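Please read the structure below before turning to the comments.
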């Protein structure tokens, strides 16, 4: 089977998976006690006619399977319903915040990967040296740390004690939307995300580098009398980075959902904070739309990883 | 690897100093949590309005909170919450993962396909938001939180056990058993399972920090508040942070961090002793774990 048909087949499977996951999200939301209508049904101050009217206006009076069909069709066509809390289309509520999340996530993704890979390579050059031990222990140290607590500690030191950086949010009124103002708000959440996630990439790169250096073709290259530098960076590194590609794919979803904690601590007005607030407000149209976006992102990044992997590793045959 | 006895095992395990420290820390915490009623007052929730928001001192090493409760006491009692969820969810996810992995690997075919596709779907769910939502809807209960975490974190364990079973299913001693007409139950639980125990133990101890961090996250966001838990203590500290009561957030957070670190150190030690051959494979476990934190 050729590459094109492989890609097409994978995309079809991915779409089916999106529908399935969206279905599971719907079922969980509607079957858990305390689902969408409970608030309305248990509030004694809402009279029965009012209740019927409210239910009808949100389409909650229809049978569950009709709601389900409307939900699935709506998700794929961008018609995500009206937020119970903001009383605006859920699509609009989310669209306002997507940029903010990307502003935090994209730089932290890039920084984590670059710094992680560099530290991993430097550790692998001399395994079990003092440097290697220090980097590995430090990576583990931050990996075991709750992101929200690390954020807290950084805020206490840099915002409360030293008064160097703002205590949260994305912009300040005094800053007037300048770049330096934005960067000063971005610094702490960014550092938190990078530190907590660094171990994923540094430990992985280190181990796969050490593994690769142990293989026969490296011995062959040594036998040919190639220089250490050439072997390390040209022959070994390329292959050692393959697992990192897989990690990156998994990491996208993980970073996205992990944003809930970091954004909450730093009051960063992105999708993570919105997820938390919507759960608190029981704002089901927004919750379901956010879950849909998260699922699509996770499935899409897994798909992209598989396809890129195929290009990078000649041993993988598309089939 | 076989050990003549518990003593040999402990000697081998103790060679890793970090693992030993982790184990001693955990035993200390467990004992303190168990006997908290004898060490401290019986009800840590009693407010003492004469001693609110005291910074750490000799009398109150971790300080006191806005109700005058002793933070050291709250943290020791809070260990009960964290450790219950940690061990409960750990055992449950190990159980679900092991049984589904064994069955999938041994029977193969459609059974395998069904179980592994289910696992794949679980791996593509937005886990943390879902856990938070269900915890918020189902209400604050230790059992709910424990169940939710276990039910969303078994797939990686299932994958690991399955791939190991596949590698073993065609080995001679299993074939011999089959030819001799041993029951499926006997092959699965008397032969395949014991050979997986090291791996299961190592992986379970590796998953527990993630369980602890997830439980703390649910509590920290205050979506299903259990009054005496490390995460919820941090949540309360949010309101007193600006007044400079750093100890209210520092110590509960440090408890979460040090306990999850202790489990990592223990899993590292177990890995070296129980699965020496796995050294190369270990980071593939780390890859599978990513995205589950």
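The values are calculated or read from the model by the stated rules, or taken from the named source; none is laboratory data. Just so we're clear, the structure is a prediction, and the values are computed from it rather than from any experiment. Please note: Cβ atoms are built from the backbone with ideal geometry, for glycine as well, and neighbour counts cover all protein chains shown.
A few points about this structure:
- Between B:291, B:244, the distinction of being farther than 29 Å from residue A:253 by Cα, within 9 Å of chain A (Cβ to nearest Cβ) and modelled with pLDDT under 85 belongs to B:244 only.
- Residue within the range B:244-264 that is more than 19 Å from the chain's Cα centre (by Cα) and more than 19 Å from residue A:147 (Cα to Cα) present: yes
- For the range A:205-314, the helices (runs of 4 or more DSSP H) that sit wholly inside it and include 1 or more residues that are at pLDDT 90 or above and more than 9 Å from chain B (Cβ to nearest Cβ) are A:242-265, A:271-281, A:284-312.
- Some residue of the range B:144-155 being surrounded by 17 or more Cβ atoms within 10 Å (Cβ to Cβ), more than 23 Å from residue B:223 (Cα to Cα) and away from every other protein chain (no Cβ under 11 Å): yes
- Only residues that are touching a residue at least 12 places away in the same chain (Cβ under 8 Å) and either away from chain B (no Cβ under 13 Å) or part of a loop (DSSP other than H, G, I, E, B) (or both) were counted across the range A:159-174, and they come to 8.
- Restricting A:39, A:73 to those that are assigned to a helix (DSSP H, G or I) and at pLDDT 90 or above reduces the list to A:73.
- Residue match in the range B:184-194 (condition: within 22 Å of the chain's Cα centre (by Cα) and assigned to a helix (DSSP H, G or I)): yes
- Residue in the range A:176-186 that is away from chain B (no Cβ under 12 Å) and under 18 Å from the mean Cα position of the chain (by Cα) present: yes
- Count of the range A:128-158 residues which are farther than 27 Å from residue B:208 by Cα and within 12 Å of another protein chain (Cβ to nearest Cβ): 3
- Against the criterion of being within 11 Å of chain A (Cβ to nearest Cβ), closer than 22 Å to residue A:160 by Cβ, buried (at least 23 other Cβ atoms within 10 Å of the Cβ) and modelled with pLDDT of 95 or more, residue B:237 does not qualify.
- Being closer than 15 Å to residue A:262 by Cα and part of a helix (DSSP H, G or I) holds for only one residue in A:111, A:183, A:118, A:102, and it is A:102.
- Residues (assigned to a loop (DSSP other than H, G, I, E, B) and touching a helix residue (DSSP H, G or I) at 6+ places or on another chain (Cβ under 8 Å)) located in the range B:16-54: B:16, B:40, B:41, B:44, B:53
- Residue in the range B:210-230 that is nearest to residue B:46 (Cα to Cα), counting only those that are in a helix (DSSP H, G or I) and more than 8 Å from chain A (Cβ to nearest Cβ): B:230
- The listed residue being crowded, with 16+ Cβ neighbours inside 10 Å, under 19 Å from residue B:217 (Cα atoms) and in contact with a helix residue (DSSP H, G or I) (Cβ under 9 Å, 6 or more places away or on another chain), out of A:155, A:165: A:155
- Residue B:59 being touching a helix residue (DSSP H, G or I) at 6+ places or on another chain (Cβ under 6 Å) and more than 18 Å from residue B:254 (Cα to Cα): no
- Test for residue B:103: is it farther than 30 Å from residue B:222 by Cα and at pLDDT below 90: no
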